[in-house]
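Please read the structure below before turning to the comments.
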Amino acid sequence: MPDHTPPLTNEWPAELLRKADGIRLIALDVDGIMSDGRLYFSAKGDELKAFNILDGLGLKQLMAAGITVAVITGRSSPLTEKRMRDLGIPHLMQGREDKKVALKELVSTLSIPAEAIAYMGDDLPDLPAIRFAGLGITVPNGYWLVRQHADYCTSVTGGSGAVREACDLILYAQGKLDDALSNYLGPDA
């Protein structure tokens, strides 16, 4: 039988896996996490964003496994709204500069304790939310101070599949990754 263990599992320390095992909600920043962090504008001033398809499927797998997904972003963008709607993400908070306050509002509504929350961000506005959450995640191209305070820094940059890596970490820690992959591997895997 082939090994379907993600390649990074041997680098995931026991304490990280313990934290990821209890996650019931993941909240994500957009720019620099779900996108590469650059802002693109057309000659007419229209905003453009690129989202990584790997991240989208990872988030769908988390939701299918019973993990709530939320997005908290300082910017307001119709493109972000469309992408989150397309993914079926139920909680989108745009124009929220204070991410910790927004996260606290969300978890109060959902009655989820801080230790059951993962937050993924890359810059200073994300830092209080990363420190509040039970599992703080960032990316290697994130601001240095954010990387110092996060529990985990993904191996790939924001917009390049970092969210998918975080999803795999949570699913693996909870023993749900094999189920998430089984639809794609078929019965003889």
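The numbers here are math on the coordinates, done by the rules we state, and not lab data. Fair warning: this is a prediction, and the values are worked out from it, not measured in the lab. Virtual Cβ from ideal backbone geometry, glycine too; neighbours counted across all protein chains shown.
In the range 110-180 the Cα-Cα distances spread across 10 Å bins starting at 0 as 22, 49, 26, 3 percent of all pairs.
Among Asp126, Asp168, Asp178, which comes first, then next, by fewest other beta-carbon atoms within 10 Å?
Sorted ascending by nearby Cβ count, the order is Asp178, Asp168, Asp126.
Between the listed residues Leu62, Ala50, Ser155, the Cα displaced farthest toward the positive end of the dipole of the chain, a dipole computed from Cβ unit charges relative to the Cα centre, is found at Ala50. With the charge dipole of the range 1-157 set up from +1 on Lys and Arg Cβ and -1 on Asp and Glu Cβ about the Cα centre, the Cα lying farthest toward the positive end among the listed residues Leu110, Ala14, Gly136 is that of Leu110.
A cut-off of 5 Å between modelled amide H atoms, ignoring neighbours fewer than 5 places along the same chain, links Ala27 with Ala70, Ala118, Tyr119, Met120.
Quick check: residue separation of Thr9 and Arg131 times 0.36 nm, minus the Cα distance between them. What number comes out in nm?
41.6 nm
The magnitude of the dipole of the range 13-178, with charges of +1 and -1 set on the Cβ of Lys/Arg and Asp/Glu and taken from the Cα centre, is near 220 debye.
The alpha carbons of the range 11-77 stretch over 49, 25, 22 Å along the principal axes, in descending order.
Here the Karplus relation 6.51 cos²θ - 1.76 cosθ + 1.60, evaluated at θ = phi - 60°, turns the backbone of the range 143-150 into coupling constants of 4, 4, 5, 5, 4, 5, 9, 6 Hz, with x for every Gly and Pro.
Straightening the chain between Ser108 and Tyr184 buys 23.8 nm, computed as 0.36 nm per residue apart minus the Cα-Cα spacing.
Taking each residue as 0.36 nm, the span from Val156 to Glu81 lengthens on full extension beyond its C-alpha to C-alpha distance by 24.6 nm. Taking a straight line from the alpha carbon of Lys49, these lysines sit under 22 Å away, with near neighbours fewer than eight places off in the same chain left out: Lys60, Lys82, Lys99. Once the Cβ-Cβ distance of Arg147 and Leu17 is raised to the sixth power relative to R0 = 22 Å, the FRET efficiency obtained is 0.65. Distance from the Cα centre of the range 10-49 to that of the range 146-171, in angstrom? If we compute the Cα centre of each part, the gap is 7 Å. Mean projected area of the Cα convex hull of the range 1-113, taken over all directions, amounts to 9.3 nm². Note that the range 69-79 has calculated 3J(HN,Hα) couplings of 10, 9, 10, 10, 9, x, 9, 10, 9, x, 5 Hz, one per residue in order, obtained from phi through the Karplus relation 6.51 cos²θ - 1.76 cosθ + 1.60 (θ = phi - 60°); glycine and proline are x. Could you bin all the Cα-Cα distances of the chain into 10 Å bins starting at 0 and give me the percent of pairs in each, rounded to whole numbers? Values per bin, smallest distances first: 10, 39, 37, 12, 3, 0.
Near the amide H of Met93, within less than 5 Å, lie the amide hydrogens of Val71, Ile72, Thr73, all on another chain or at least 5 residues away, with H placed in the peptide plane.
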